[in-house]
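Q: Questions regarding the structure given below will be posed in turn.
The values are calculated or read from the model by the stated rules, or taken from the named source; none is laboratory data. What you see is a predicted model; the values in this text were computed from it and never measured. Quick reminder, even Gly has a Cβ in these numbers, built from the backbone with ideal geometry, and neighbours come from all protein chains shown.
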Amino acid sequence: MARSRRMYLIIVGTILIVAVVVGVFYYAFYRGGVGEVVYGKPVDSYTVFSLELLKRSGLGRNNTVVSPLSIYIALLMLTEGAGGDTRAELMKALYLSSMSDARSWFKDVLYDMLNVSDPARSSVANSIWVQEGFPINKSYVELLEKYYYAEAKYVDFVHNPSHAVRMINDWVSNKTYDLIKRIVDESSIDPLTRIVLVNTL
């Protein structure tokens, strides 16, 4: 993965923690035969991706807990910020032919999940944590807020990583009703970290 400004981009899911390095993702999925076909309907793209992910995750061979939805949403948010060949390869890996169709469909899915009636309770939350002063594209942040209901937070990974870690963990704990109290530690952050994407389900 090309690292503009040597930026590390970490994607964290509260059910399955995924550190996404596009080169590894490309090798494991796209070169492995996944993503060579795209689908016109986002629901079909998501279904095929989920089945392939479960097949490759060790399900049935090991004790495995995996949330395809969490991973798919996190990768969609990553794809929204990518460009050129990186964006094209991510879309292939996600079986997508249109990002605009995908984001509209997932916005409806997330809205429905966030408005489940009692007695059931469903909680999905996304956030983007940005290094203070980092020149992130404002339209990218606005897109995540509009279509993925993401919250934008600004922290200092460089000079105050412990505070940034505490802020992320507190946010996750709050969104999961204290079921998950800690998802990152200072070893997850270094002076090159600029953006962290977080999904909870």
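Q: Would you say S162 is surrounded by 17 or more Cβ atoms within 10 Å (Cβ to Cβ) and more than 30 Å from D44 (Cα to Cα)?
A: Judged against the criteria, S162 is not a match.
Q: Scan the stretch 101-153 residue by residue and report those that are within 30 Å of D178 (Cβ to Cβ), acidic (D, E) and at pLDDT 90 or above.
A: E132, E145, E151
Q: Further, regarding this structure: For the stretch 83-110, how many residues are free of Cβ contacts under 8 Å to residues at least 24 places away in the same chain and either crowded, with 18+ Cβ neighbours inside 10 Å or under 14 Å from the mean Cα position of the chain (by Cα) (or both)?
A: Going through the stretch 83-110 one residue at a time, the tally reaches 1.
Q: Could you list, in sequence order, all residues of the stretch 157-199 that are over 24 Å from T79 (Cα atoms) and in a loop (DSSP other than H, G, I, E, B)?
A: V158, H159, N160, T176, Y177, D178, L179, I180, K181, R182, D185
Q: Among (1) part of a helix (DSSP H, G or I); (2) under 30 Å from T47 (Cα atoms); (3) touching a strand residue (DSSP E or B) at 6+ places or on another chain (Cβ under 8 Å); (4) not β-branched (V, I, T), where does N126 come up short?
A: (1)
Q: Moving on to the next point. Exactly one condition in (1) surrounded by fewer than 11 Cβ atoms within 10 Å (Cβ to Cβ); (2) closer than 20 Å to T79 by Cβ is not met by Y148; state its number.
A: Single failed check for Y148: (1).
Q: Considering only the stretch 107-146, state which residues are touching an Asp or Glu at 6+ places or on another chain (Cβ under 8 Å) and of a type outside the set (D, E, K, R).
A: Of everything in the stretch 107-146, those that are touching an Asp or Glu at 6+ places or on another chain (Cβ under 8 Å) and of a type outside the set (D, E, K, R) turn out to be A125, N126, S127, I128, Q131, Y140, L143, L144.
Q: Looking only at residues in the stretch 84-100 that are closer than 21 Å to Y149 by Cα and part of a loop (DSSP other than H, G, I, E, B), which one is modelled with the lowest pLDDT?
A: The selected residue is S98.
Q: Right, another one. Which of the residues spanning the stretch 135-189 are touching a Phe, Trp or Tyr at 6+ places or on another chain (Cβ under 9 Å) and over 20 Å from L201 (Cα atoms)?
A: Scanning the stretch 135-189 gives Y154, V155, F157, A164, I189.
Q: Evaluate the stretch 26-46: report whether one residue or more is surrounded by fewer than 16 Cβ atoms within 10 Å (Cβ to Cβ), assigned to a helix (DSSP H, G or I), modelled with pLDDT of 70 or more and touching a helix residue (DSSP H, G or I) at 6+ places or on another chain (Cβ under 7 Å).
A: Yes, the stretch 26-46 contains a residue that is surrounded by fewer than 16 Cβ atoms within 10 Å (Cβ to Cβ), assigned to a helix (DSSP H, G or I), modelled with pLDDT of 70 or more and touching a helix residue (DSSP H, G or I) at 6+ places or on another chain (Cβ under 7 Å).
Q: Follow-up question, since we're still on this one. Look through I128, I189, I195, I183 and report the one residue that is over 22 Å from A82 (Cα atoms), surrounded by 13 or more Cβ atoms within 10 Å (Cβ to Cβ) and either touching a residue at least 60 places away in the same chain (Cβ under 8 Å) or in contact with a helix residue (DSSP H, G or I) (Cβ under 6 Å, 6 or more places away or on another chain) (or both).
A: I183
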